[in-house]
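Below is one structure, written out as structure tokens; comments come after it.
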Amino acid sequence: MERMKIAVVGAGGVGGYLAGKLTQQGLADVRLFARGAHLAAIRDHGLHIYDADERFVVYPDTSEPVEGERFDVIFLAVKSYDFEAASAQIAPYVDEETVVVPLANGVDHRRRIEMLLERGVVCEGCLYIISHIEAPGIIRKKSPLFYMLFGREEITPKMEALAQLLNESGLKTKLTADARYECWKKYLFIATFATLTACHRLPMDAVYREHPDEVDAVLDEVTGVANALGVPLGEAEKAKVIKQAENLPEGAKTSMQLDFEAGKRTELESLSGYVVHAAEAHGLRVPLMRNCYEKLLREEGAGA
């Protein structure tokens with residue numbers, strides 16, 4: 001296969017690190033879609049990556065695509081509420097074989113993006129990473145953790161080539177036809193703790209320590225919704241979340257809690273609202289998730 005053309009849409013902790021590492025390794029042609037002061041700093045001084053065990057600077061291509069240009073792969077590394085704008089931005093550069101991988105938190109992204117794009121092979125995708133923008137032009141990754149999962153029922157040669165390229169670039173990746181299940185496993189943890197940390201304004205370890213019954217209840221509610229949608233989550237997956245919770249670092253907050261505390265736009269609809277609406281559509285009761293969601297919805301509307 002010819003050298004791949006990869007677009008990374010979004011230059012935050014996820015997209016910035018991904019584009020930086022791919023540019024550093026040089027195994028593909030990478031285009032980074034960024035904006036604002038962050039974009040200006042990258043163009044003027046490079047993209048600085050402070051990794052857990054190394055620091056490096058790269059100068060990724062941030063130029064605007066030209067008319068008729070096509071990408072082999074597009075990573076949507078934006079928050080779920082920016083999917084509409086991001087999809088409109090990249091739609092002209094997608095053909096029938098372009099692999100589109102969303103990396104935001106949530107489990108409804110493939111359906112949403114397929115509705116927004118006329119072409120492309122849209123995958124399920126999720127990423128385990130702890131990173132953020134420290135300052136314009138600077139991405140800090142706080143731990144060695146990097147693990148990407150993506151795929152769909154039908155694996156294409158281009159998806160196989162992408163997985164190989166990512167692994168050769170030092171980015172641990174698993175391509176799987178069961179990506180929906182894998183994304184739900186991550187969602188079980190994130191939806192539970194994002195909702196409860198934001199609702200109680202407590203870090204994850206404190207929520208688990210002070211509200212264990214609520215953690216158990218929300219895990220059961222999310223699992224019930226997953227089962228209704230045909231995703232086989234059960235006791236084993238819940239036990240894994242509990243094990244993760246028992247080893248949480250002291251004081252660690254979820255991104256949704258931080259966004260609420262800072263008065264920023266949040267992923268409430270993807271991480272809490274989706275569970276409530278899907279439960280309603282399938283005749284299920286999720287009383288604790290609904291109570292938290294409605295409380296947070298009021299706070300968001302009040303600008304709290």
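A few points about this structure:
- Net length gained if the chain between E69 and E280 were fully extended (0.36 nm per residue, minus Cα distance): 71.7 nm
- Calculated log₁₀ intensity ratio I(q)/I(0) where the Debye formula runs over C-alpha points of segment 5-177, q = 0.12 Å⁻¹: -0.48
- Here's the picture: a label point sits 7 Å out from the Cα of K243 along the beta-carbon direction, and within segment 187-214 the residues with their amide nitrogen under 18 Å of it are 187-190.
- Within segment 274-304, backbone nitrogen closer than 16 Å to the virtual label 7 Å beyond the Cα of H211 toward Cβ: 276, 286-300
- Residues of segment 207-229 falling in the label zone of E235, defined by backbone nitrogen less than 15 Å from a point 7 Å along Cα to beta-carbon, are 220.
- For the pair T176 and R265, a Förster radius of 30 Å applied to the C-beta separation gives a FRET efficiency near 0.45, rounded to the nearest 0.05.
- Cα-only Debye scattering, the chain: base-10 log of I(q)/I(0) at q = 0.10, 0.16 Å⁻¹: -0.55, -1.40
- Candidates per GluC sites (Glu not before Pro) in segment 198-304, loop by DSSP, up to 11 other Cβ within 10 Å: E250
- Calculated FRET value between E2 and S143, using beta carbons and R₀ = 30 Å, to 0.05: 0.30
- Per-residue [θ]222 nm for the chain (sum of -39500 (n - 2.57) over DSSP H runs n ≥ 4, rounded to 500): -14000 deg cm²/dmol
- Here is what passes the span test in the chain: the DSSP H helices with alpha carbon length of 27 Å or more along the helix axis and a Kyte-Doolittle mean of -1.0 or above are 179-200.
Read the figures in this text as sums done on the coordinates, not as results from a lab. Values in this document were obtained by computation on a predicted structure and should not be read as measured data. Don't worry about glycine lacking a Cβ; one is built from the backbone with ideal geometry, like all the others, and counts go over all protein chains shown.
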